[in-house]
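A.B. asks: Take this structure, written in structure tokens, and hold onto it; I'll ask about it next.
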Amino acid sequence: MVDKHMENMNIIRHSHRVDPRSRLPVELFTEIIAEATKDPRWSLRGCIDRILPLTLVSRHWQSAILSASHLWSTIVLHKNVSELQRKLIAVLYLSGSTPIALHIHCSFALWEVVEPLLQPQRARITSLTLWRSSLSPFDTPILPVILQRLGCLPQLESFQCDLWHVERVDDPIVSAVNSFLLKHPHIKRVSGIWLTRDILDSSVTRGLRSCQTALEPHSILRDLEMAPNLEEMKFKPDMWLWLLGDPYHKEPTTTYIPKSPLKWRSYSHFGRISPDILNSLSNTVTTLSLHICTCDFLPLCSTFHNFLALETLEMTLLIGWRHNFTRPPVSFPSPCQTVRRLTLCFDVEPMESPTDWEFPHSDIVHHVFGSIETLDLSPQDCIPIQWDLITRDGFQKLKELVLRFSWYSVDPPASFQLPSTLKCLDMHGSFDLSRLQSSSVERLDIEKLIKVDLAAWPNINRLSIPALTPKLYWPRSPLQNLSNIHLNATNHSYWDCATHFCRDLALYPDAIPRLQALSLYRSPEWDILFILLERYNFRMTANNERISRLTIGNAPLSLLKPLQDLCAGKFTERPSDYELSWIGNIDIIRDQSLPGCLRCHKLLLFCREPPCSPSASDEPLYISGIFGHHVDEDDNIPKYPDNSQDVLLEWEHREEAWEDLRRLSRLKSCRDVGQNRVLISDTSISYLAAEESTDA
């Protein structure tokens with residue numbers, strides 16, 4: 001026995017010596033850990049909840065990770081992080097004397113708790129980030145207070161602020177940020193601020209990387225030449241002047257022309273702009289956003305061919321009685337060969353309603369931007385979609401089309417055809433798709449749906465639609481290429497459409513024979529889902545795929561392993577269909593002494609919501625009958641079928657009975673429903689946040 005134990009210990013020691021990770025230098029090993037545990041949302045989970053569990057792998061990992069102080073140098077004060085004070089103490093201890101990168105997302109009450117811990121560490125802060133957009137409107141006034149209490153940070157090198165959504169220059173946060181920056185004249189990197197005259201007159205200009213300003217750009221170009229690192233610039237006038245249209249009416253002035261080309265990579269401009277400014281940006285700018293009046297459209301089209309690096313162009317054209325297109329040019333402008341993504345937005349002046357307006361220069365757009373691969377059309381208010389811009393032969397290389405419909409949308413003409421090169425169609429807004437068809441589209445994303453016939457899209461491999469399955473017409477011939485379906489309904493009234501979709505697919509599995517990924521925004525009824533997976537994944541026909549990737553809402557822990565086995569194509573033990581149905585748990589649902597909302601009870605989930613207490617004036621607790629008269633509760637609950645085929649066919653009858661159950665004095669749904677999602681694959685089970693993507 002002792003010899004056997006010693007032999008095992010020698011094997012373990014030998015395997016540790018030959019482990020490639022144990023041979024890596026500590027510096028390289030910790031850099032791998034840092035890259036592998038990066039959190040793009042800058043949460044303290046990246047330091048504590050993600051890195052600390054890795055110390056339990058082995059003593060070597062524990063020693064290397066705890067001694068690498070740079071792994072613990074990012075501090076995020078987020079209002080949604082639990083036990084923030086304890087985690088902050090741990091991070092400050094493990095980071096040692098390493099420079100700190102501080103990210104602030106917290107409320108005032110949370111700042112009062114952590115401020116005593118941060119004040120002694122002010123000399124270590126080299127990077128500061130303020131995110132206003134993540135705070136509630138009631139928390140935003142704390143940012144000026146935080147900046148005032150931080151005072152002067154002697155080692156500060158980088159400052160980043162999220163003020164792109166601030167509409168007014170006289171906002172208190174703008175003056176607070178500028179006052180804070182003036183205390184740090186030697187700062188090396190500044191991003192996301194409102195640029196004012198006091199900042200331009202200081203040495204902070206040398207550290208500018210990105211900013212927005214309400215100052216006339218032609219008058220500050222001389223000062224901006226002193227910002228050699230400036231890459232992103234946005235001219236955004238005062239909100240009220242912008243709404244009145246003054247920037248569009250004011251003639252551009254050219255008081256100064258840059259002596260050398262500017263090195264900006266992104267430029268956004270509201271109002272009339274001089275071509276001299278664009279010529280100064282032609283060598284380096286990759287993203288250009290222009291909000292111009294229609295009279296400037298043709299003159300600007302003649303300058304785009306000079307841009308050597310331009311890839312993304314966004315143009316918003318203001319339409320109104322004071323803005324008319326200039327007369328057509330004698331010759332077409334030179335084509336722009338570099339632009340790959342074009343966004344055209346048509347906006348209207350106040351008090352204007354040009355419902356019959358038509359864009360007169362579609363042929364010029366096709367000529368100048370004929371090489372684009374992505375087109376985004378965004379009409380505003382009452383302007384209809386300009387279907388002439390999307391003609392079949394207009395763009396020879398168009399692969400992706402995004403249509404954002406206004407409230408006044410006109411259906412395409414009967415003879416309209418989509419470009420033959422189109423691969424992806426993304427539609428936002430209610431629209432009748434019965435007039436559109438394409439054999440080249442492979443990805444179809446629809447936000448709001450009126451009607452769609454899948455037979456008109458025979459080659460799609462990814463379908464994203466709202467859960468309005470009564471409007472979804474199943475094709476007569478199978479969709480051989482469709483492998484990914486995503487039901488993106490967010491409205492609570494559409495929850496049962498997920499069950500409806502699963503029922504239809506279980507009845508007609510050969511309509512989509514190669515489905516591999518199914519994403520449902522809400523969990524369907526469990527008996528229907530299990531029947532679907534068993535019927536679809538265990539078909540006896542050849543050349544058929546199985547659903548190996550399933551994304552649903554929250555699910556009971558006891559059902560995760562059976563669902564994973566079915567996704568892996570394995571037979572598994574599971575509860576019966578009756579036990580998975582709400583009819584099999586009707587006694588629990590009726591018991592008013594048990595907590596829980598109706599939705600969680602239907603999905604067999606634990607819920608803390610207490611049942612509502614009916615008042616004395618309420619009617620007696622009964623369930624209204626289907627024919628309008630009151631019957632006994634047990635008489636209205638349908639009998640659960642004995643076989644799976646009848647379970648599918650009689651689902652609507654059970655759904656009608658469930659609607660009657662909504663008269664129970666329970667909350668219809670709780671706040672926790674939809675907060676988390678479960679991704680089940682044939683190899684793993686993971687939880688996703690509600691906003692995370694579920695693309696296969």
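A.B. asks: Can you find, within region 551-561, the residue that is nearest to residue 643 (Cα to Cα) among those that are among the small types (Gly, Ala, Ser) and buried (at least 16 other Cβ atoms within 10 Å of the Cβ)?
C.D. replies: 555
A.B. asks: Please verify whether residue 548 is polar (S, T, N, Q) and either under 18 Å from residue 501 (Cα atoms) or at pLDDT 95 or above (or both), treating the condition exactly as stated.
C.D. replies: yes
A.B. asks: Looking at region 303-346, which of its residues are among the small types (Gly, Ala, Ser) and modelled with pLDDT of 85 or more? Don't jump to the end; show me each part of the working.
C.D. replies: First, pick out the residues of region 303-346 that are among the small types (Gly, Ala, Ser): 309, 320, 331, 334.
Passing the criteria: 309, 334.
A.B. asks: Which residues, taken from region 447-474, are open to solvent by 20 Å² or more (accessible area, probe 1.4 Å), at pLDDT below 70 and not β-branched (Val, Ile, Thr)?
C.D. replies: 451, 468, 470, 471, 473, 474, listed by residue number.
A.B. asks: Six or more apart or on different chains, Cβ under 6 Å: which pairs go from a residue in region 15-34 that's at pLDDT 60 or above to one that's aliphatic (A, V, I, L, M) and not in a helix (DSSP H, G or I)? Could you list them?
C.D. replies: These pairs meet every condition: 30/68.
A.B. asks: In region 85-122, what count of residues is obtained for those that are assigned to a helix (DSSP H, G or I), more than 19 Å from residue 52 (Cβ to Cβ), open to solvent by less than 60 Å² (accessible area, probe 1.4 Å) and of a type in the set (Gly, Ala, Ser)?
C.D. replies: 0
A.B. asks: Of the residues in region 284-299, how many are polar (S, T, N, Q) and either assigned to a strand (DSSP E or B) or farther than 15 Å from residue 233 by Cβ (or both)?
C.D. replies: Selection size over region 284-299: 3.
A.B. asks: While we're on this one: Suppose we filter region 562-594 for residues that are free of Cβ contacts under 8 Å to residues at least 60 places away in the same chain, open to solvent by 50 Å² or more (accessible area, probe 1.4 Å) and not aromatic (Phe, Trp, Tyr); how many remain?
C.D. replies: 10
A.B. asks: Regarding residue 215, is this residue modelled with pLDDT of 75 or more and more than 24 Å from residue 316 (Cα to Cα)? Full working, then the answer.
C.D. replies: Values: modelled with pLDDT of 75 or more: yes; more than 24 Å from residue 316 (Cα to Cα): no.
Spelling it out, it is not the case that residue 215 is modelled with pLDDT of 75 or more and more than 24 Å from residue 316 (Cα to Cα).
A.B. asks: Does region 475-484 include one or more residues that are at pLDDT below 75 and touching a Leu at 6+ places or on another chain (Cβ under 7 Å)? Spell out how you get there, then give the answer.
C.D. replies: At the first step, the residues of region 475-484 found to be at pLDDT below 75 are 475-476.
Keeping just the survivors that are touching a Leu at 6+ places or on another chain (Cβ under 7 Å) gives 475.
Yes, region 475-484 contains a residue that is at pLDDT below 75 and touching a Leu at 6+ places or on another chain (Cβ under 7 Å).
A.B. asks: Mind checking whether some residue in region 595-610 is open to solvent by less than 20 Å² (accessible area, probe 1.4 Å), part of a helix (DSSP H, G or I), under 21 Å from residue 486 (Cα atoms) and at pLDDT 85 or above?
C.D. replies: For region 595-610, residues open to solvent by less than 20 Å² (accessible area, probe 1.4 Å), part of a helix (DSSP H, G or I), under 21 Å from residue 486 (Cα atoms) and at pLDDT 85 or above: absent.
A.B. asks: Next question, about the same structure. Give me the pairs: first residue in region 85-113 and at positive phi, second residue in a helix (DSSP H, G or I), beta-carbon distance under 6 Å, and six or more apart or on different chains, which are they?
C.D. replies: Within 6 Å, the pairs are 96/69.
A.B. asks: Need the failing condition index for residue 309 against (1) under 25 Å from residue 223 (Cα atoms); (2) crowded, with 16+ Cβ neighbours inside 10 Å, just the number.
C.D. replies: Result: residue 309 passes all but (2).
A.B. asks: Can you tell me which residues in region 580-593 are closer than 16 Å to residue 658 by Cα and not hydroxyl-bearing (Ser, Thr, Tyr)?
C.D. replies: Matches in region 580-593: 580, 582, 583, 584, 585, 586, 587, 588, 589, 590, 591.
A.B. asks: Can I ask one more? Looking at region 526-550, which of its residues are open to solvent by less than 10 Å² (accessible area, probe 1.4 Å) and in contact (Cβ under 8 Å) with a residue 60 or more places away in the chain?
C.D. replies: Passing the criteria: 526, 527, 528, 531, 550.
A.B. asks: Could I ask something else about it? Quick one: which of 261, 237 is at pLDDT below 80, touching a helix residue (DSSP H, G or I) at 6+ places or on another chain (Cβ under 7 Å) and surrounded by fewer than 18 Cβ atoms within 10 Å (Cβ to Cβ)?
C.D. replies: The conditions single out 261.
A.B. asks: Would you mind telling me which numbered condition in (1) without any contact (Cβ under 8 Å) to a residue 24 or more places away in the chain; (2) part of a helix (DSSP H, G or I); (3) more than 32 Å from the chain's Cα centre (by Cα) residue 180 fails?
C.D. replies: Among (1) without any contact (Cβ under 8 Å) to a residue 24 or more places away in the chain; (2) part of a helix (DSSP H, G or I); (3) more than 32 Å from the chain's Cα centre (by Cα), residue 180 violates only (1).
A.B. asks: Residue check: is residue 58 surrounded by fewer than 18 Cβ atoms within 10 Å (Cβ to Cβ) and modelled with pLDDT under 70? Outline the logic, then answer.
C.D. replies: Working: surrounded by fewer than 18 Cβ atoms within 10 Å (Cβ to Cβ): yes; modelled with pLDDT under 70: no.
Criteria not met by residue 58.
A.B. asks: Checking residue 444 against (1) touching a strand residue (DSSP E or B) at 6+ places or on another chain (Cβ under 8 Å); (2) closer than 19 Å to residue 508 by Cα; (3) at pLDDT 85 or above, which test does it fail?
C.D. replies: Of the numbered conditions (1) touching a strand residue (DSSP E or B) at 6+ places or on another chain (Cβ under 8 Å); (2) closer than 19 Å to residue 508 by Cα; (3) at pLDDT 85 or above, the odd one out for residue 444 is (2).
The values are calculated or read from the model by the stated rules, or taken from the named source; none is laboratory data. Not measured: the values here are computed from a predicted model. Don't worry about glycine lacking a Cβ; one is built from the backbone with ideal geometry, like all the others, and counts go over all protein chains shown. When the accessible area is computed, the model is the full protein with side chains, heavy atoms only, and any ligands, DNA or RNA have been set aside. Shrake-Rupley method; radii C 1.70, N 1.55, O 1.52, S 1.80 Å.
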